[in-house]
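Asks: I'd like to ask some things about the structure below.
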Amino acid sequence: MKTSKPLLTLRMLFPVAASFIVLLLGEWIARGSLTADAFISFIFPHFGAYLLAWLLLFLVWELLDWVLRIPPLATLGMAVLGCAPCAVNFYTMQLRGEPFLPWDLMQVSEAAGVASAAGLKLQTSMVVSIVLVLVLTVASFFIYHGRLRQRWLPRLAGTGASAAALCLLVFGVYLQPAVTQVLGITPDAWMQDRYYRYYGVLTGFMTNLTNLEIDKPEDYSEQAVDDILDNVAESEKFSTGPMYAGSYAATTPKEEQAKQPTIIYVMDESYWDVSELEQYGITFDTDVSQNLHALQQTSAYGRAYSPSFGGGTCDVEFEALTGYSVSFLPSGSKPYQQHVTKPMFAMPNYLKLKGYQTAAVHCFWAKYWSRDKAYPNLGFSDFISLEDMHGVTKVRKHYWTSGLVTDDSMADQIIQQYEKMSTSSDKPIFLHAVTMQNHTNYNRDNYPDDERVHVVSHPAGLKSSTVGALEDFATGIRDADAMLGKLTEYFSQVDEPVILVFWGDHYNPIDSNYDVYTTTGYASGSSTDPRLHQTTLLMWSNYSQQPVDFGTIAAYDISPVMMELFGLEQPLYFQFLNRQLRVASRSCTRGTTMNLDGTTTQQPTEFQQRWTNEHWMLQYDLMFGKGYALNRMGVAGLSGMNTDK
């Protein structure tokens, strides 16, 4: 029976239209809404990226159809490919403020557990998309019903042509940065969420596949590494003394200084001193940072320049524990999952070689962000995770259905672990903790009214939901401050010297927008604003009362600066970082350089760039290279490192 021309036309147009519809549904799911502004601001200006995504879906449909010869299955398969990553992207943005990246595939089971704990629900866009996909699937059955069976030779040719076209698109376009840039797809090394907003989930995901490789620095060699370290060693000979006047190291004779104090790191989720908003018209009904402000009178304090905003906790943690900068790594990559796959130089490993016992405490699942694998490679001998915690208090169950462990319970966990380690061994202790209580998202209903910090007054223009979100966030800051007070009170009474380093990992949007920052004038509405990358940092000890304002330092300088302030023996790599901090820049993070005077620029000087290049040379050597620097630092005993010359 001869097929009518209208039906032939419909069959030809169906995959074109179906893939276009699925593309739009996917973007609707990923964005939560698909308004005219989304088309005007993101889709139309970056039309090439969406054309590639449509072509990808179209070719997938064609390939499945030629292979299976069952159009409904081809339609369903294409729709799943187009919509499922977008749904995952929506949830990852909700949970961690970052989009769905290729390396997330390494921990699918862990992500499922997190989604369950967070109580994530189907969105309207997802329900509508499921219905429309079913409609398209059923429609394809009727449109192609009665289609003549293809002989094996034309079918083989069609399969081969579709597969070849798909491979050409993936390997010849998506995985070729030079080609995608011609199409207007500009790499965004600093903000993956913005990258996905501009170019869509499918194109964003596919082009990120090129970020799995590490390029060796030009002129990398043993001689190049030695030259850098020689310069550092030579510079130290002519150093005029400790960097920070008034610090413990500067005011205490070297022979009287504590040599191996207990060192405790606490990276508090989303922590920054929200009471700063009181200078911008916000008033709270309680002092949310009472302990912080008191401790700043007798401690070293400043700000940590975070590489992250709205997520990326493990990036900040990685920098603080290693001295390595994530800015040198492929954009959007996650060091714990991709790069910390063997023992490497890091603060815990270094201290272990100096006789310390090491442990980490984190009140979330051990496998999340692959901490269970990364921590041992960084040098932690023990890891206490959520699975090991019993009797802890949880809050904020409105959004996180299973709740989040409170900072107060985390203080108890830290103290318990310290007591366990101190009674089991005479070795000094390095204990690192990461909290979770104040994790985004923020909502007034996360705390009962009588437990929540209240906003008494605020500038006009803030929505009620934003004020409620701010109250949720401020409550977490109040509780973090109480945790800080509890820890310092306890450790002020122990006999041995103790250093406590307490800082926040990153800022977040509050109520999924920037209104708190823009309406008050605290910062701009850009996630790249340097103001929104400088979190509160405190370095307290129970044996020094000297206040030192050390200003803003990069997160990767936290360990070097702590050792400098308290006169601890530094590895040569940390001496390099402190030298860089002294003469070149306070931070060089995500494309922003902070000058020595605290101003920022996107255009570093030639001198600053030279220091940055040398930083990457040493980091590459220690993370990926031959490890030439290890012998020079006296840590060649690190197993797993290749120290062959």
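Asks: For the stretch 404-475, report the translational diffusion coefficient in µm²/s to the nearest whole number, using Stokes-Einstein at 20 °C, 1.002 mPa s, and a Kirkwood Rh over Cα pairs.
Replies: This corresponds to a translational diffusion coefficient of 144 µm²/s.
Asks: While we're looking at this one, here's another question. With a ≥ b ≥ c the root eigenvalues of the C-alpha gyration tensor of the stretch 183-307, is it rounded (a/c under 1.5), prolate (a/b larger than b/c) or oblate? Present the calculation step by step, with values, prior to reporting the outcome.
Replies: Details: a/c = 3.03, a/b = 1.16, b/c = 2.62.
Oblate shape, in that a/c is at least 1.5 and b/c is the bigger or equal ratio.
Asks: Need one word for the stretch 131-177: rounded, prolate or oblate. Basis is the Cα gyration tensor (sqrt eigenvalues a ≥ b ≥ c); a/c below 1.5 gives rounded, then a/b vs b/c decides.
Replies: The shape class here is oblate.
Asks: Quick check: residue separation of Leu68 and Leu153 times 0.36 nm, minus the Cα distance between them. What number comes out in nm?
Replies: Extending this stretch completely gives an extra 29.1 nm.
Asks: For a footprinting-style exposure proxy, rank Trp369, Trp103 by other Cβ within 10 Å, fewest first.
Replies: The most exposed by this proxy come first: Trp103, Trp369.
Asks: Amide H of Ile499 versus every other amide H placed in the peptide plane: which residues, excluding those fewer than 5 positions away on the same chain, fall under 5 Å?
Replies: Under 5 Å from the amide H of Ile499 lie the amide H atoms of Thr262, Ile263, Ile264, each far enough along the sequence or on another chain.
Asks: Could I ask something else about it? Amide H neighbours of Ile185 under 5 Å, at least 5 residues apart or on other chains, H built in the peptide plane: list them.
Replies: So Ile185 has HN proximity to no qualifying residue.
Asks: With θ set to phi - 60° and the Karplus curve 6.51 cos²θ - 1.76 cosθ + 1.60, what are the ³J(HN,Hα) couplings of the stretch 196-209 in order, to the nearest whole Hz, using x for Gly and Pro?
Replies: 6, 4, 6, 10, x, 5, 5, 5, x, 5, 5, 6, 5, 4
Asks: Oh, and also: Grab every C-alpha pair in the stretch 235-332, bin the distances at 10 angstrom width from 0 up to the longest one, and report whole percents.
Replies: Result, from short to long distances: 10, 28, 33, 23, 5, 0 percent.
Asks: Return the FRET efficiency for the residue pair Glu276, Asp227: r is the Cβ-Cβ distance, R0 is 45 Å, and the value is rounded to the nearest 0.05.
Replies: Efficiency, from the Cβ-Cβ distance: 0.55.
Asks: Only sites in a loop by DSSP and with at most 15 other Cβ atoms within 10 Å count here; which trypsin sites (Lys or Arg not before Pro) in the stretch 171-278 make the cut?
Replies: Lys259
Asks: Oh, and also: Enter the Cα centre distance for the pair the stretch 437-465 and the stretch 244-300, rounded to the nearest angstrom.
Replies: 25 Å
Asks: Among Ser275, Ser308, Val288, which residue has its Cα furthest toward the positive end of the charge dipole of the stretch 274-361, with +1 on Lys/Arg Cβ and -1 on Asp/Glu Cβ?
Replies: With unit charges placed on the Cβ atoms, the residue in question is Ser308.
Asks: Another one. Under the classification rounded if a/c is under 1.5, otherwise prolate if a/b is larger than b/c and oblate if not, where does the stretch 446-539 fall, given a ≥ b ≥ c as square roots of the Cα gyration tensor eigenvalues? Show your work: numbers first, answer last.
Replies: Details: a/c = 3.39, a/b = 1.65, b/c = 2.06.
Oblate, since a/c reaches 1.5 and b/c is not below a/b.
Asks: Would you please give the FRET efficiency between Val128 and Thr286, computed as 1/(1 + (r/R0)^6) with r the Cβ-Cβ distance and R0 = 45 Å, to the nearest 0.05? Write out the running numbers ahead of the final one.
Replies: Working: r = 44 Å, r/R0 = 0.98.
It comes to 0.55.
Asks: Return Leu212, Leu581 ranked ascending by Cβ neighbour count within 10 Å, so the fewest neighbours appear first.
Replies: Fewest to most other Cβ atoms nearby, the residues stand as Leu212, Leu581.
Asks: In addition: Quantify how much of the Cα-Cα distance distribution of the stretch 1-111 extends past 18 Å, in percent.
Replies: Cα-Cα pairs of the stretch 1-111 separated by over 18 Å account for 59 percent.
Asks: Which chymotrypsin sites (Phe, Trp or Tyr not before Pro) in the stretch 144-244 pass both tests, a DSSP loop state and at most 10 other beta-carbon atoms within 10 Å? Intermediate values should be presented prior to the final figure.
Replies: Working: sites: Tyr144, Trp152, Phe171, Tyr174, Trp190, Tyr195, Tyr196, Tyr198, Tyr199, Phe205, Tyr220, Phe238, Tyr244; in loops: Trp190, Tyr220, Phe238, Tyr244.
Sites meeting the loop and neighbour criteria: Phe238.
Asks: In 5 Å bins starting at zero, report the fraction of Cα pairs in the stretch 5-212 per bin as a rounded %.
Replies: 1, 7, 14, 18, 19, 16, 12, 8, 4, 1, 0
Asks: Follow-up. Hey, could you get me the Stokes-Einstein D for the chain, Kirkwood radius over alpha-carbon pairs, 10 °C and 1.306 mPa s, rounded to whole µm² s⁻¹?
Replies: The estimated diffusion coefficient comes to 59 µm²/s.
Asks: Where the centroid of each part is defined by its Cα atoms, how far is the stretch 152-178 from the stretch 49-66 in Å?
Replies: One Cα centre to the other: 10 Å.
Asks: For the chain, give me the percentage of DSSP beta bridges that are antiparallel, rounded to the nearest 5 percent.
Replies: The antiparallel fraction comes to roughly 45 percent.
Asks: Amide H of Phe383: which non-local residues (sequence gap of 5 or more, or other chain) have their own amide H closer than 5 Å, using H built in the peptide plane?
Replies: Amide H neighbours of Phe383, under 5 Å, 5+ apart: Ala360.
Asks: Which of the residue pairs Lys354/Lys394; Lys367/Lys420; Lys334/Lys420; Lys342/Lys397; Lys254/Lys334; Lys367/Lys397 have a Cα-Cα distance greater than 30 Å in the structure shown? Could the numbers behind the result be given before it?
Replies: Numbers: Lys354/Lys394 37 Å; Lys367/Lys420 24 Å; Lys334/Lys420 32 Å; Lys342/Lys397 37 Å; Lys254/Lys334 40 Å; Lys367/Lys397 22 Å.
Violating the 30 Å Cα-Cα cut-off are Lys354/Lys394; Lys334/Lys420; Lys342/Lys397; Lys254/Lys334.
Asks: Between Val583 and Val182, what FRET efficiency follows from the Cβ-Cβ distance if R0 is 35 Å, with the result rounded to 0.05? Could you put the intermediate results ahead of the total?
Replies: Working: r = 41 Å, r/R0 = 1.16.
After rounding, the FRET efficiency stands at 0.30.
Asks: Ranking Val266, Val548, Val456 by Cβ neighbours within 10 Å, fewest first, what do you get?
Replies: Values: Val266 25, Val548 22, Val456 10.
Exposure proxy ranking, most exposed first: Val456, Val548, Val266.
Asks: Taking 0.36 nm per residue of sequence separation and subtracting the Cα-Cα distance, how much length would be gained by fully extending the chain between Gln603 and Val456, in nm to one decimal?
Replies: Full extension from Gln603 to Val456 adds 48.7 nm.
Asks: Percent of Cα-Cα pairs more than 18 Å apart in the stretch 496-576, please. Before the final figure, lay out each step's value.
Replies: Numbers: 1756 of 3240 pairs.
Cα-Cα pairs of the stretch 496-576 separated by over 18 Å account for 54 percent.
Bear in mind that the values in this text are calculations on the coordinates, not laboratory data. None of the values given here were measured: they were computed from a predicted structure. Cβ sites come from the backbone with ideal geometry, for glycine too, and all protein chains shown count toward neighbours.
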